[in-house]
Amino acid sequence: MRKVPTVFWTVVLWSMAAAAQTRPADRPNVIFIMADDMGYGDPHCYNKESGIPTPNMDRLAAGGMRFTDAHSASSVCTPSRYSVINGKYAWKSRLKKEVLWSGYDEPLIGNHEVTIADLFKQAGYRTAAIGKWHIGIGFLKKTGYGFVVPKDFHESGLKGTRNVDFMTPTFGGPNDLGFDYFFGSAGGQNMEPHAFIMNRYVVGNPDKWRTAKTPTVPGTSASEVHEGWMAENWNDTAIGPLLAQEAVRFMESSVAAKKPFFIYFTPVAPHRPCTPAAVARGKSRAGERGDMVYEFDWAVGKVVDKLKKLGIEKNTLVIVTSDNGGTPASDDGNDYGHRSCGNLKGFKAALYEGGHRVPFIVSWPSVIRRGAVCGALISNLDMMATVSDLIGVPMPEGKDSRSFAAVLRNPQSQQHRKELIHHTYSGQYAIRNGSWKLIPGRTAAGAWRYELYNLAQDPGEQVNRSAEHPQLVAKLMAELESRIFDF
């Protein structure tokens with residue numbers, strides 16, 4: 001037998017050691033929990049004057065890291081969710097403005113795209129999407145050929161889609177985008193169809209026609225409810241607890257299988273209709289919307305408590321955030337003296353900070369220092385690149401995501417994004433660069449008008465500095481145009 005030179009084994013051993021150093025020593029479980037329309041001023045840990053008790057988010061923040069300059073990728077839900085899953089700005093898809101208006105819309109993400117769930121799958125994780133999806137699922141027609149063609153505008157929730165086959169599988173949803181398990185709604189609790197989907201199939205047979213703005217429980221809200229097919233015994237007040245139960249169940253089954261897991265957990269609270277479960281009813285001083293924020297916090301508590309019972313809390317990364325800023329009032333039009341976006345300007349759907357600066361709480365007891373506060377500029381768009389760093393799976397090309405993994409270990413780290421494009425419901429844009437933010441717009445006469453704010457000095461966006469810095473305005477405008485048109 002030929003003798004292999006000693007230098008060969010030296011090189012092999014050195015290569016193996018180097019590879020071991022680049023692999024994460026112990027990849028964490030990851031649970032990403034995203035509220036629907038929770039504002040910067042809703043959790044008590046962000047707003048001491050909040051009218052809503054949020055003990056579980058407060059506890060997570062005290063034991064982990066609270067970000068103060070975190071943003072959703074858009075100030076409305078569909079594009080924000082697209083960015084979390086796909087690692088791209090949603091305006092690079094066909095969705096240039098607004099949101100998808102039903103659960104029947106053509107999927108925004110093609111199965112050729114590499115998603116955040118695909119990265120986890122490559123690393124051997126079990127993956128689940130639980131809750132509101134709202135980035136498109138294909139349903140087959142009941143009569144005729146092809147997929148359902150949904151309405152493409154809101155129209156007060158009218159013109160519901162009737163020609164839907166609920167007996168056949170759905171296509172293009174979470175199971176086609178890297179998720180092993182899906183349980184949730186195609187569009188949200190206010191949009192058709194009013195039914196759950198488990199993996200590819202609708203649960204039950206949605207054969208009841210729900211008219212617009214009709215409650216499922218007498219005396220509860222039906223604000224923004226669209227007409228459409230509804231499953232028998234559908235109950236708006238039961239959605240939150242059921243989704244939390246599904247998240248806990250997936251954690252238990254993953255531990256039993258001795259597999260690391262990723263859960264994309266997206267409760268429907270506090271989006272309208274505000275229909276708090278019994279566990280949350282009357283728990284806030286901010287009306288039914290406040291009670292829904294409490295319900296979301298309750299769900300966070302259920303997840304965190306189960307982590308402790310399973311003995312996996314220390315090496316589980318939990319992120320709690322929102323898909324965009326908050327709405328200003330409860331469903332009855334009263335804000336009850338509660339400021340859902342704190343002292344920020346604007347609310348959901350705005351380019352101002354209240355539209356997209358969101359709570360962002362991270363817990364990872366084995367890594368993150370207790371009670372840390374971080375001012376790094378980050379976005380939920382950055383989840384994909386951060387996950388790539390943490391689990392050691394390379395990022396695919398063509399993504400806009402930027403990692404903030406280094407910041408989790410050191411809040412003073414400069415390894416995070418310095419620039420961010422903001423996008424809103426109307427299809428307008430703004431650009432953030434360092435502490436400066438430029439919002440371009442038009443006057444009634446059609447002339448350009450610019451708003452320039454130094455957010456380090458003026459987070460409430462009260463003083464427009466554009467007249468003082470015309471060169472900076474021109475530079476930021478040129479940068480914004482190059483970004484949104486060069487893809």
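Put in order of Cβ neighbour count within 10 Å, fewest first, the listed residues V148, V279 become V279, V148. Computed per residue of the chain from DSSP H runs no shorter than four, each worth -39500 (n - 2.57), the mean residue ellipticity at 222 nm is -7500 deg cm²/dmol.
Once you've got the Cα coordinates, tell me which of K345/K399; K258/K308; K48/K308; K132/K348 are over 20 Å apart. Violating the 20 Å Cα-Cα cut-off are K345/K399; K48/K308. Antiparallel beta bridges, as assigned by DSSP with both residues in the chain, represent about 55 percent of the total such bridges. Bridgeable lysines around K141 (alpha carbons under 18 Å apart, same-chain partners fewer than 8 residues away excluded): K151, K159, K208. Measuring nothing but how far apart in sequence close Cα pairs (under 8 Å, 6+ apart) lie, relative to its length, the chain scores a relative contact order of 23 percent. Dimensions of the chain along the principal axes, based on C-alpha atoms and rounded to the nearest Å, stand at 81, 61, 46, largest first.
The ranking of W448, W101 from fewest to most other beta carbons within 10 Å of each one's beta carbon is W448, W101. Going from the residue with the fewest nearby Cβ atoms within 10 Å to the one with the most, S50, S253 rank S253, S50.
Values in this text are rule-based calculations from the coordinates and carry no lab data. Nothing here was measured: the structure is a model prediction, and the numbers come from that model. Using ideal geometry, Cβ is built from the backbone for each residue, glycine included, and neighbour counts are taken over all protein chains shown.
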